[in-house]
Amino acid sequence: MIVVKNISKSFDETTVLNGVSAFFEKGKTNLIIGQSGSGKTVLLKCLLGLHTPEAGKIFFGDNSLTDMNEKKRRLLRQKMGIVFQGSALFDSMNVEENIMFPMRMFTTKNDDEILDRVNEVIDRVNLTNSNSKMPSELSGGMQKRVAIARAIVMNPNFLFCDEPNSGLDPKTSILIDNLIQEITKEYNITTVVNTHDMNSVMEIGENIIFLQNGKKEWEGSNKDIFKTDNKPFIDFVYSSEILKKARKALKES
Amino acid sequence: MKIIVNIGSYFLMLQKVFEKFTKWSVLKSLIFKDIEVLIIGSIGIVSVISFFVGGVVAIQTALNLTNPLIPRNLIGYATRQSIILEFAPTFMSIIMAGKVGSYITSSIGTMRVTEQIDALEVMGINTYNYLIFPKIIALLLYPFVIIFSMFLGIFGGYLASVLGGLCSSAVFIEGLQIDFIPYHVQYAFIKTILFSFLLATIPSFHGYYLKGGALQVGKASTTSFVWTSVVIILVNFLITQLILA
Ligand SMILES: Nc1ncnc2c1ncn2[C@@H]1O[C@H](COP(=O)(O)OP(=O)(O)O)[C@@H](O)[C@H]1O
Ligand SMILES: [Mg+2]
């Protein structure tokens, strides 16, 4: 469980996050949604401790990230798995080495034990037989799978994904979304996903916050979407004219 | 103003490189990889350039020796002095600022723009140490590349002189031995060690603090080359004043 209390973050003069609060639940896929530039990545990087908010607090369980010393923060980070927007695979390492990396770094296990675990997660993300491929030889969807495997190899308590389906076709996107949701349930972890993709929102949006201009404009679940009257959120959901007409027709009937 | 801020963050970066070390088994493999790319990978270009520049220095000296009172062994002497004092340590380092430096800037810069550095950071790794320390260590072997360059440069001069009929082998070798001051080699060595540190750290700085995308990676490589060469030239001037003058 992660609790965000009233955080604000600006760069130079521009305010990117303006008093955002949120509650990300364990065992659920929590979504941060909004247009490009609405501050999703900045919010996620605040959760990771890569950005420090000027105001507000972030709690992981009972511990406040903002008040933690460097050592505690490092230990907490080893409980986090992150899938970056462009996958951020280490391009000098093959698939297996990429996934092994956190274990080599932070466990005292020998290479055989590490390899057993690595193969387990490789199977879990359906990438069997790709161990020795280099990231540049993989399709976008496969790169995402490797990034997910690397994120879960250390059995994290928290999983963060920044636009996990950017650059993927709709079908592959849904496969990746479902994979993330399955993993969330299987490991009973707190997952936070950034997205602007309405398909993902409908598919896995168990707990959603909607950001606009650095403010939280709406929150709810995918079941609440069609009931809401929140103007900015409706504008985001029904972005095309056709959808707007469809909504109007639906309301009138 | 910005330059002062940059110099400040350069020194802060250096400090962080030596804090919280990466696990040795991981660091070791990074160092070997960097030795392969930065040192072994540079030997080819260093050989070609040194050999031919040595040859040219010898030919130029010979062509300018029109006064019969000046002995022909000056060719060997001049080749030795210019190669050992300046060409190998200083000008080779500027060429390396282009080769090694732009490689370092673009590889670290690419890791920055593709969020690989963020990925390392959130795993709790000291990315300064992880990325920059292995390069500093690998480039400690750089003075040996320069010694190699000295030998090849002088050998190039020798071959150009003897095969080109500028002087006999015995006369060239006699020239090489005149007034040989071993301290000059030490001076060159000291310079080179300093330059190797600059070659590892200035390009790393430009890559690490890069902002933006692929276009900025290209720009940063150029800026890093310019700054590395300027600093090498300035340090060369200072150290020559200090040691030789
Ligand atoms: N490191 C930074 N420095 C300055 N401005 C930034 C930085 N990171 C993000 N921003 C700005 O913050 C705003 C929100 O960005 P971001 O969170 O990346 O949006 P998105 O919702 O598309 O992920 C953008 O206007 C962006 O220009
Ligand atoms: Mg983003």
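Assorted remarks:
- Computed from backbone phi with θ = phi - 60° and the Karplus coefficients 6.51, -1.76 and 1.60, the 3J(HN,Hα) list for region A:130-143 is 10, 3, 9, 6, 8, x, 5, 8, 9, 6, x, x, 5, 4 Hz; x is used for glycine and proline.
- Pairs of Cα atoms farther than 24 Å apart, region B:121-245, %: 50
- Summarising the label geometry, the points placed 7 Å from Cα in the beta-carbon direction at A:N155 and B:I233 lie 6.0 nm from one another.
- Across region B:14-20, computed HN-Hα scalar couplings (Karplus, 6.51 cos²θ - 1.76 cosθ + 1.60, θ = phi - 60°) run 4, 4, 5, 4, 9, 9, 5 Hz from first to last residue, x flagging Gly and Pro.
- Theoretical FRET efficiency, 1/(1+(r/R0)^6), r = Cβ-Cβ of B:V26 and A:S64, R0 35 Å, to 0.05: 0.65
- Relative to its residue count, chain B spans a Cα convex hull of 148 Å³ per residue.
- Taking the average, over residues, of other Cβ atoms within 10 Å as the packing measure, peptides A:208-221, A:106-119 rank A:208-221, A:106-119 from highest down.
- Largest to smallest principal axis extent of the C-alpha atoms in the protein assembly as shown, angstrom: 111, 52, 46
- Across peptide B:120-132, the mean count of Cβ atoms from other chains lying within 10 Å of each residue's own Cβ comes to 4.
- Paramagnetic reach from A:A55 (point 7 Å along Cα→Cβ, amide N under 12 Å) across region A:1-17: A:6-10, A:17
- Dividing the alpha-carbon radius of gyration of chain A by the rule-of-thumb value 2.2 N^0.38 Å gives 1.05.
- Around the amide H of A:F160, modelled in the peptide plane, lie the amide H atoms of A:G81, A:I82, A:V83, A:V192, all under 5 Å away and 5 or more residues distant in sequence or on another chain.
- Inter-probe distance in nm under a simple model that places probes 7 Å from Cα toward Cβ, at B:E174 and B:F52: 3.2
- Rounded Å value of the spacing that divides the Cα centres of region B:49-82 and region A:74-120: 58
- For B:Q15 and B:F151, a Förster radius of 35 Å and the Cβ-Cβ distance give a FRET efficiency of 0.40, rounded to the nearest 0.05.
- Across region B:89-131, no residue has a backbone nitrogen under 13 Å from the label position 7 Å along the beta-carbon direction of B:T222.
- For region A:68-120, the pair-distance distribution built from all alpha carbon pairs, in bins 5 Å wide starting at 0, is 4, 16, 22, 23, 20, 11, 4 percent.
- Long-range amide H partners of A:W218 with built H, under 5 Å: A:F210
- Surrounding net charge for A:A88, when Lys and Arg each add one and Asp and Glu each subtract one, Cβ distance under 13 Å: -2
- Charge dipole (debye, nearest 20) of region A:92-155; +1 at Cβ of Lys and Arg, -1 at Cβ of Asp and Glu: 300
- Close amide-amide hydrogen proximity is noted between B:F180 and no other residue 5 or more places distant or on a separate chain, at a cut-off under 5 Å (H modeled in the peptide plane; Pro and chain starts excluded).
- Protection proxy ranking of A:70-81, A:239-250 - average other beta-carbon atoms within 10 Å, highest first: A:70-81, A:239-250
- Euclidean distance of C-alpha centroids, region B:179-245 and region A:186-242, integer Å: 52
- Rounded to the nearest Hz, the phi-derived 3J(HN,Hα) couplings of region A:224-234 under the Karplus curve 6.51 cos²θ - 1.76 cosθ + 1.60 (θ = phi - 60°) are 8, 4, 7, 8, 6, 10, 5, 4, x, 5, 4, where x marks glycine and proline.
We did not get these values from a lab; they are worked out from the coordinates using the rules stated. Predicted model only: the values in this text are computed from it and were never measured. Because the Cβ atoms are built from the backbone with ideal geometry, glycine has one as well, and the counts that use them run over all protein chains shown.
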